[in-house]
């Protein structure tokens, strides 16, 4: 009689172990720094007037945080006016957005989108209506300012609507700048 009960019990225990291993792996995959938007929190992107987030997309438009070396990376900066008022930003636009890539876990700037561009020195207000969300996008081919290709490894990216202090220190916390987003180049 005990032998007849033991086989189903062992089968149930095996099933519980298999489910635990599977869900544990899924949990690791979902919480892994390079399978999500988990980057270092530099106290940015969530202020009294704006929320600012950065997504990375591959050439098919899928959100991802792992890319092949040389694969185009689309930076999608989402900025929302969280107030019930119109907000006018007059900090020297264009450009409406800028992006930076750092070595993982450091402040070593590897690339900045507008660093070597000849930009007009014009003040054009960027106006957000109450509750309005704007999405700014650029695509980067992983070529650095010196013409070399970004190597394989782990990196972090940040997108911003330019604000005073960003050019001098791209890590400056601000509600118009996203937190850092971790990504990997294979």
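Just so it is clear, none of the values below were taken in a lab; they were calculated from the coordinates. These numbers were taken from a predicted model, which means no experiment stands behind them. Here the Cβ positions follow ideal geometry from the backbone for every residue, glycine too, while neighbour counts run over all protein chains shown.
Shown for 90, 76, 132, 156: other C-beta atoms within 10 Å of each C-beta, ranked fewest to most, produce the order 90, 132, 76, 156. Subtracting the Cα-Cα distance of residue 83 and residue 96 from 0.36 nm times their residue separation leaves 2.7 nm of extension gain. The slack between residue 164 and residue 129, meaning 0.36 nm per residue of separation minus the straight C-alpha distance, is 10.4 nm.
Measuring nothing but how far apart in sequence close Cα pairs (under 8 Å, 6+ apart) lie, relative to its length, the range 40-185 scores a relative contact order of 37 percent. Each peptide in 159-166, 62-69 gets a packing score, the mean of other Cβ atoms within 10 Å over its residues, and the list from highest to lowest is 159-166, 62-69.
As a proxy for reagent exposure, ranking 158, 110 by other Cβ atoms within 10 Å from fewest up yields 110, 158.
In the range 40-185, Rg over Rh equals 0.96, where Rg is the alpha-carbon radius of gyration and Rh the Kirkwood radius from pairwise Cα distances.
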